[in-house]
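The values are calculated or read from the model by the stated rules, or taken from the named source; none is laboratory data. Predicted model only: the values in this text are computed from it and were never measured. Cβ placement follows ideal geometry from the backbone for every residue including glycine, while neighbour counts extend to all protein chains displayed. Just so you know, the surface numbers come from the protein's heavy atoms only, side chains and all, with ligands and any DNA or RNA stripped out. Shrake-Rupley method; radii C 1.70, N 1.55, O 1.52, S 1.80 Å.
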Amino acid sequence: MTEKIVSKEDLKKILEGLMKTSELLAPGKEGDLVLFKPVKNPEEVFFAYPNSLKPVKEFFFPPREELFKHEIREGKVGLSSEHQENRKRVIWGVRPCDAKSLLMFDKMFDGEYKDSYYLEKRAKSVLVGLACNEPLDSCFCLSLNAGPHAKEGLDVLITDLGDDSYLVEGITAKGEELFQGCGKESGEGERTRKKELEEAAKKKIRKTCQPPPDLESFFEDPYWEKVSRKCISCGVCTYLCPTCFCFDLSYEGRDCIRFWDSCSFSPFTKMTSGENPRREKKTRYRQRVYHKFSYFKKNFGEIACVGCGRCLRECPVKVDIVEIVNQCSKDKTKD
Amino acid sequence: MTEVLKPGSSEPPENIYLPHLAAIKEIREETQDIKTFKLVFQDEELRKSFTYKPGQFIEFSIFGVGESPFCLASSPTREGYIECSIKKMGKVTQAIHDLEEGDIVGIRGPYGNGFPVEEMKGKNLIFVGGGIGLAPLRSLIWNVIDRRDDFKDVIIVYGSRSIADLVYKDELKQWQNTPGVKLTLTVDPGGEAEDWKGEIGFVPTILEKVNPSPGNSLVITCGPPIMIKFVLVTLNKMNFSSQQIITTLERKMTCGLGKCGRCNIGSVYVCKDGPVFTYAQIEQFQEEI
């Protein structure tokens with residue numbers, strides 16, 4: 001792993017170069033919102049932000065994606081599917097929590113049935129991380145094996161050291177490649193500064209997520225009815241969640257489309273017979289909690305939450321999944 | 001770049017969502033609202049190479065309308081075609097019922113675990129079916145009849161609301177005439193006619209009357225939830241253990257690949273880990289089935 005120091009000017013030059021050779025996506029302002037979008041001018045790339053409103057999952061798993069087309073002519077059916085563009089794509093300024101979430105997506109979309117739509121986008125993408133120096137009150141990555149300066153899932157990590165200088169840590173070959181031939185070697189002082197920033201960022205994260213080890217034993221508890229009462233089943237938490245991947249398939253004219261769906265919605269599980277195993281809101285909310293903190297862990301070895309805090313910040317009725325998970329064992333003893 | 005997939009291409013689709021094209025060879029009307037569709041893949045190679053286990057399912061696509069999962073009702077021992085028996089229930093099944101022989105549909109699969117056929121060898125098999133629930137059992141029944149020496153005695157208890165609602169009427173006669181197979185048919189009280197020679201009564205009651213022995217036996221049951229519920233009570237009374245009882249579960253299964261997220265019961269995905277489960281497994285589920 002190589003480490004180097006680059007200046008703000010160096011970064012600008014790198015961005016200018018990447019704009020020519022790759023599809024470059026980076027956070028930019030849109031009104032009050034910070035969103036990832038194609039870079040047209042390196043000056044517009046935004047660094048001082050806690051996190052983007054939406055996670056980067058949409059670049060790998062778009063909200064709406066055409067899977068194939070069909071054509072019926074004289075009783076014959078023809079099927080065609082588009083090949084994806086293979087141009088390199090650089091996603092610049094990804095926060096460590098969002099990078100980690102993609103590793104969970106990898107587990108889902110790879111495996112026995114390989115989802116080429118997702119995997120091709122992953123293969124052609126380079127993730128340039130931006131260490132988080134100013135986490136928000138709603139962030140809780142530390143308690144979920146992630147952290148404000150974590151490198152997991154990234155190809156390279158940039159830390160803003162202040163004074164227009166940045167520490168660049170190469171993680172993979174394709175990440176290091178982007179910074180080839182620029183900057184200077186890092187010194188002891190800069191490495192110390194980076195450690196201080198990391199420690200300071202960690203200290204700012206006070207929220208912790210601590211699901212009880214025996215979460216399964218609360219499955220039938222009336223607690224879920226109580227805590228889900230104010231949820232309006234709008235699905236915002238699932239759409240903004242970097243680890244939520246539920247989808248539906250549908251035909252729109254000649255296209256077969258995959259689009260995001262959500263376990264918050266009652267029709268999600270409703271069968272044509274009218275039977276619906278998760279008709280009640282409490283069963284749907286419980287599904288969301290258990291999928292993240294129990295089922296995914298059982299099937300793939302880790303909790304499907306990276307602590308980005310978007311669901312807490314953007315929930316219109318302020319449902320706090322962390323509090324709900326943390327409190328479920330305590331509530332039980334109270335009753 | 002757009003690649004048109006030729007119907008003659010023998011390459012398996014890399015795109016896991018892309019169906020194979022199949023032509024409807026034959027349509028049989030089973031009941032007023034159930035039809036059996038015999039499908040033949042357009043790709044000649046695939047016609048030979050497509051293998052599956054009884055109890056597995058496919059995703060059936062009507063292009064431009066929608067896609068739904070159905071169990072394979074045919075037996076893998078009968079090569080060259082597949083069959084699905086489909087009840088008219090909603091938008092997709094209505095469109096399927098409107099199809100004619102020669103029409104082209106899309107098929108993805110086979111998916112799911114299927115029945116544990118290997119473990120069934122050397123055992124007595126008791127099939128308990130209700131209504132269209134006979135469809136997945138039919139796949140296994142023909143498989144067992146075609147490999148008769150591998151299995152011991154076969155008992156089939158099958159019932160429906162009325163005589164008109166019994167599916168596979170011609171095949172029921174063939175099963176009846178197969179050595180080592182004992183078939184009992186029943187219709188719900190009021191569903192009989194004057195010349196009805198079968199039983200009159202609900203499936204669990206008739207099962208009790210048939211009184212199969214649990215020794216070296218497995219029960220495979222499929223039917224409406226209310227029937228299953230009482231079949232379990234009856235089997236319990238007859239000292240069958242939950243390991244000896246096998247069924248297939250139903251869930252909304254959109255992708256069939258364990259990815260779309262809706263068919264789970266706890267950490268188990270019905271489309272991938274099922275749809276076939278023993279009752280010993282089902283008893284471990286926290287969520288209701």
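What to note about this one:
- Over 25 Å apart at the Cα level, from the set B:Lys53/B:Lys252; A:Lys69/A:Lys270; A:Lys54/A:Lys194, are A:Lys69/A:Lys270; A:Lys54/A:Lys194.
- Surface share of carbon and sulfur [accessible, 1.4 angstrom probe, percent] for chain A: 51 percent
- Chain B - percent of accessible surface contributed by carbon and sulfur, probe 1.4 Å: 48 percent
- Degrees between helix B:225-237 axis and first principal axis of chain B (Cα, 0 to 90, nearest 10): 40 degrees
- Calculated [θ] (222 nm, deg cm²/dmol) that DSSP helices of n ≥ 4 give over chain A, each run adding -39,500 (n - 2.57): -9000 deg cm²/dmol
- The heavy atoms of A:Leu119 offer some 40 square angstrom of accessible surface to a 1.4 angstrom probe.
- For the residues of A:267-279, the average number of beta carbons from a partner chain within 10 Å of their own beta carbon is 5.
- Acute angle (nearest 10 degrees) that the helix B:134-146 long axis makes with the longest principal axis of chain B, alpha-carbon atoms: 80 degrees
- Excluding ligands, DNA and RNA and using a 1.4 Å probe, chains B and A jointly bury around 3900 Å² of accessible surface, summed across both partners.
- For a straight C-alpha distance cut-off of 17 angstrom, the lysines reachable from A:Lys226 (same-chain residues fewer than eight places away being disregarded) are A:Lys281, A:Lys282, A:Lys318, A:Lys330, A:Lys332, A:Lys334.
- The figure for A:Met271 is an accessible area of roughly 30 square angstrom, using a 1.4 Å probe on the protein chains alone.
- Averaged over B:261-271, number of beta-carbon atoms from partner chains that fall within 10 Å: 6
- Of all DSSP-defined beta bridges confined to the protein assembly as shown, some 65% are antiparallel rather than parallel.
- The stretch A:294-327-the stretch B:67-135 distance, computed between alpha-carbon centres (Å): 39 Å
- List B:Trp175, B:Trp196, ordered by accessible area with a 1.4 Å probe, largest first: B:Trp196, B:Trp175
- Against the criterion of solvent-accessible heavy-atom surface with a 1.4 angstrom probe, A:His70, B:His20 sort, most first, into B:His20, A:His70.
- Between the stretch B:212-269 and the stretch A:78-107, the Cα center-to-center distance that results, in Å: 39 Å
- Using the Cβ of A:Asp115 as centre and a radius below 12 Å, the other residues enclosed give a net charge of 0, where K and R count +1 and D and E count -1.
- Hits among aspartates and glutamates - C-alpha to C-alpha of A:Lys88 under 18 Å, sequence gap 8 or more where chains match: A:Glu16, A:Glu23, A:Glu58, A:Glu120, A:Asp155, A:Glu176, A:Glu177
- Cα-centred dipole magnitude for the stretch A:215-334, charges only on beta-carbon of K, R (+1) and D, E (-1), debye, nearest 20: 320 debye
- Exposure check, 1.4 Å probe, all protein chains in place: A:Arg258 carries approximately 0 Å² of accessible surface.
- Lysines whose Cα lies under 16 Å from that of A:Lys13, excluding same-chain neighbours fewer than 8 positions away: A:Lys4, A:Lys40, A:Lys184
- Positive-end extreme of charge dipole, the stretch B:117-248 - chosen from B:Thr186, B:Tyr158, B:Pro214 (charges on Cβ): B:Pro214
- For the stretch A:3-204, share of DSSP beta bridges that run antiparallel, in % to the nearest 5: 70 percent
- Peptide-level mean, for B:51-62, of C-beta atoms on other protein chains within 10 Å: 1
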